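What follows is a single structure, written as structure tokens, with notes after it.
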Amino acid sequence: MPRIFCVHSRKANKLSITLIFLLISSISFGQSYRINGIITDAETGETLIGANVFIRETGQGMATDINGYYVLDNLGPESKTLIVSFLGFEQVKKEIVFVFGSSQKIDIALNYAVIELDEINVSAEKTTRQFNIQPGRVNLSMRQIKAMPSILEPDIFRTIQALPGVLTQSEFSTGLIIRGGNTDQNLILLDGITVYNPSHLGGVFSNFIVDAVKNAELIKGGYNAEYGGRLSAVLNVTSREGNRNHFDAKVNVSILSAQATFEGPIPNGAWLISGRRTYFDKILENTDLNVPPYYFYDLQGHIFTDFSAKDRLSFSFYKGLDDFSFDDIGINTYWGNETFSLAYRKIFNDLLVGNFLVASSRFFTFFNLGGESGLIQDNTIQDFTASANLTYFQNKKMTWKFGGQIKELGFNYDNSFADSALFTIKKAPLESAAYTKLKWIPNKRLVIEPGFRMNMYTAHPDTYFPDFRLGLKYLLTEDRYINFAVGNYHQFIMTIQDDYNPVLLDFWMAIDESVEPGKSKQVVLGYEEYFGEIYKLQVETYYKDLKNMLTFVETRASTDEVMSDEKLTDMFDIADGYAYGLEIFAQKMYGKINGWISYTYSISRKSINNYEYFTNWDRRHAFTVIGNYNINKKWEFNWQWTYQSGQAFTPILGYYIENLDYTFDTSHSDFGTIPGSRNSGRYPPFHRLDIGAVRHYKFKKFDMDFYIQVINSYNRDNIFRYIYHMGNTHNGLDDDGDWNVKEDDLNGNGYPDPGEPNVDEADEGRVTKQDISIFPIIPSIGINIDF
């Protein structure tokens with residue numbers, strides 16, 4: 001018995017050892033690992049937003065967040081090679097050596113690519129784009145914006161207007177009409193703080209200086225729960241942080257403006273400041289040209305310091321002013337924006353990252369016509385915001401975003417005429433929200449993003465307004481995807497829409513108990529396909545339902561009556577609307593020749609009291625071709641051609657004449673127009689070709705670009721609006737424009753005079769229509785120097 005027992009005992013010991021070995025092996029092989037880190041630009045030390053990080057062996061990856069941060073969790077021992085890439089930078093491959101039972105922090109700095117764009121390996125982009133739900137989402141780098149032809153200098157808004165689904169009100173405006181929504185329905189953010197009027201007079205420039213901007217993300221619709229307070233779209237602009245490695249400077253000088261950017265390191269951080277000013281007011285002030293002395297300036301800056309690898313404190317600011325004074329007609333006006341933000345980034349651990357913000361935004365306008373006893377408008381919007389946004393990377397399949405914000409808003413409007421108050425508005429509503437969003441990847445073909453946002457607004461009796469959001473992405477193949485998004489949205493402050501006249505400055509109002517907040521429901525469906533590594537096709541369709549938009553009553557007057565300041569329904573109509581459309585976007589992303597072709601078919605309509613009509617920004621068709629040709633390392637050529645069908649306007653049925661002194665002397669007559677059906681007419685189609693060329697020079701201590709551009713190269717007269725005026729048969733002027741200097745200038749002074757042909761004709765006493773266009777052919781030259 002003992003011998004038998006001994007044999008069985010040995011067998012049992014061998015079996016136990018085998019089981020223990022298998023168990024240890026299974027534990028070892030089942031062990032998961034984690035890596036995390038921050039991706040930066042090796043030249044400047046700035047973090048890179050949207051850099052692609054993935055594991056070559058498994059394909060697991062992600063794009064870096066707004067902090068340049070990434071984390072890859074649940075990695076097995078088969079994960080051996082980390083690959084990092086970003087457009088315009090050299091790809092980095094790094095072998096991973098796992099340490100049992102611990103995570104690794106792997107920070108990587110990328111160098112600028114010295115190879116041609118068409119040789120860049122974009123396999124990392126393929127991996128990360130598969131798992132980003134991106135209907136209507138566009139990320140623009142400053143390199144892309146600078147490669148496009150522009151009016152005087154590169155501009156973010158002008159670039160965005162070349163994308164499908166984005167229209168412009170006119171050449172006079174950089175306001176963004178996105179998928180049928182008005183300009184105020186877009187949330188414009190600079191480093192997390194709202195900017196209320198982000199463009200200058202004439203629309204040639206937006207407020208943002210391109211050399212001071214790192215990234216601009218546009219979401220044209222269906223955005224998720226981290227954003228709110230607007231009905232249509234989001235533009236999130238992020239400032240550059242500054243060069244933490246060495247001092248750098250850039251100067252740009254063009255015909256009508258100049259700008260400079262300076263940056264450099266501080267202990268554990270960096271700073272950047274950028275400024276711009278137009279100077280045609282100085283150039284023309286001592287000339288005979290009767291041009292109003294107008295100028296604007298922008299000042300934008302950022303500074304940060306890292307207390308540790310996990311803690312960063314940063315401060316950013318913006319200040320801009322437009323100044324327009326014309327003593328000849330008694331006008332004195334100015335307006336501008338001021339923003340300040342203090343941000344704190346905290347990496348609590350590998351899986352939890354927080355961004356905290358306190359900020360202030362101020363938009364102000366002052367308008368005076370006729371001196372102290374004339375018309376005076378002094379209006380200010382003040383916005384104090386505090387927010388917290390956190391991201392929790394639960395595992396490779398689930399990522400949570402959650403947070404909240406609170407806004408203390410202040411509206412202070414004082415409008416008077418001839419020492420009498422027209423209206424005064426002083427409101428201080430409180431707007432806040434809390435949200436959560438989950439990104440869930442249940443399998444290799446499906447991405448699901450449900451979101452919820454609870455809005456709170458104190459100036460309305462209902463107080464609470466829930467928003468539900470959902471995004472989906474289905475992978476047909478590794479290069480073909482379907483994107484879907486649906487959601488509802490609320491807006492509590494909005495501008496007053498004018499169906500009859502172009503708006504030059506936004507007039508913001510906060511809703512009160514007399515009206516419901518603005519509401520919208522959006523549905524977006526898109527198809528996305530990549531051909532090879534350099535071609536991209538996107539097709540998207542959308543539908544948007546809009547409620548409770550404030551619209552000026554047609555019978556309003558500016559100065560002849562006192563407007564009610566009790567409730568909004570006394571001053572404005574409440575309009576509903578809807579918009580739908582189809583967008584096609586084909587892009588060649590890399591190579592000597594790159595660019596895109598876009599087409600948009602869209603409908604945008606409103607209704608008031610059951611009367612339905614087109615919005616005055618409705619355009620049926622829009623087509624854009626953009627290209628950039630890198631001829632060699634010294635020369636590049638770019639172009640942009642745009643065609644848009646005519647937008648709606650309200651024609652007149654006729655006019656009536658008022659004889660103020662009850663005589664038949666037409667010199668004392670005035671007239672008024674009789675409007676027809678609202679927005680029932682169409683302006684002629686808009687089209688324009690802009691071209692440009694850049695010559696690159698490289699010297700020992702600095703680089704220089706010399707550029708030449710031609711805007712509206714074939715001198716198309718694109719109608720901005722029609723105006724009507726009545727001439728006079730006794731004023732000694734050529735009121736109908738048929739006087740010819742070569743044939744009719746009898747005294748040779750170059751001006752029409754009484755007694756000359758085609759002056760004071762009988763037909764000059766009637767009302768005539770005049771076409772107003774903005775930009776003729778505009779050549780421009782300039783230089784850009786990078787020290």
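The values are calculated or read from the model by the stated rules, or taken from the named source; none is laboratory data. Just so you know, these numbers come straight off a predicted model, no measurement behind them. Cβ sites come from the backbone with ideal geometry, for glycine too, and all protein chains shown count toward neighbours. Surface accessibility is based on the protein's heavy atoms, side chains included, excluding ligands, DNA and RNA. Shrake-Rupley method; radii C 1.70, N 1.55, O 1.52, S 1.80 Å.
Tabulated values for the structure
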read-out	value
Failed item in (1) surrounded by 12 or more Cβ atoms within 10 Å (Cβ to Cβ); (2) assigned to a loop (DSSP other than H, G, I, E, B), with Ile708 passing the rest	(2)
Unmet criterion (only one of (1) out of contact with any Phe, Trp or Tyr (no Cβ under 7 Å at 6 or more places or on another chain); (2) open to solvent by less than 50 Å² (accessible area, probe 1.4 Å); (3) assigned to a loop (DSSP other than H, G, I, E, B)) for Arg244	(2)
One residue from Ile723, Ile708, Ile691 being at pLDDT below 85 and among the aliphatic types (A, V, I, L, M)	Ile723
Arg716 vs. criteria touching a Lys or Arg at 6+ places or on another chain (Cβ under 6 Å) and part of a loop (DSSP other than H, G, I, E, B)	yes
Tabulated pairs, segment 528-557, first closer than 16 Å to Val138 by Cα, second modelled with pLDDT under 80, C-beta under 7 angstrom, 6+ apart or interchain	Glu540/Pro135; Glu540/Gly136
Flag for Pro684 being open to solvent by less than 60 Å² (accessible area, probe 1.4 Å) and without any contact (Cβ under 8 Å) to a residue 60 or more places away in the chain	yes
Unmet criterion (only one of (1) outside any loop (DSSP other than H, G, I, E, B); (2) open to solvent by less than 50 Å² (accessible area, probe 1.4 Å)) for Ile723	(2)
Considering residues of segment 196-241 that are modelled with pLDDT under 90, hydroxyl-bearing (Ser, Thr, Tyr) and out of contact with any helix residue (DSSP H, G or I) (no Cβ under 6 Å at 6 or more places or on another chain) only, the residue surrounded by the fewest Cβ atoms within 10 Å (Cβ to Cβ)	Tyr196
Unique residue being within 12 Å of Ala225 (Cα to Cα) and open to solvent by less than 50 Å² (accessible area, probe 1.4 Å) when the list is Asn483, Asn455	Asn455
The lone exception for Glu372 - which of (1) out of contact with any Gly (no Cβ under 6 Å at 6 or more places or on another chain); (2) over 30 Å from Asp462 (Cβ atoms); (3) assigned to a strand (DSSP E or B) it fails	(3)
Segment 729-787 - residue that is aromatic (Phe, Trp, Tyr) and within 29 Å of Phe280 (Cβ to Cβ) and, of those, surrounded by the most Cβ atoms within 10 Å (Cβ to Cβ)	Phe775
Residue within segment 161-170 that is assigned to a strand (DSSP E or B), farther than 28 Å from Ser257 by Cα, aliphatic (A, V, I, L, M) and modelled with pLDDT of 80 or more present	no
Any hit, segment 492-512, residues being assigned to a strand (DSSP E or B), more than 23 Å from the chain's Cα centre (by Cα) and of a type outside the set (Ser, Thr, Tyr)	no
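Yes or no, residue by residue, for (1) over 24 Å from the mean Cα position of the chain (by Cα); (2) surrounded by 15 or more Cβ atoms within 10 Å (Cβ to Cβ):
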{"residue": "Gly371", "(1), (2)": "yes, no"}
{"residue": "Ile376", "(1), (2)": "yes, yes"}
{"residue": "Lys396", "(1), (2)": "yes, yes"}
{"residue": "Lys401", "(1), (2)": "no, yes"}
{"residue": "Gly404", "(1), (2)": "no, yes"}
{"residue": "Tyr413", "(1), (2)": "yes, yes"}
{"residue": "Ser416", "(1), (2)": "yes, yes"}
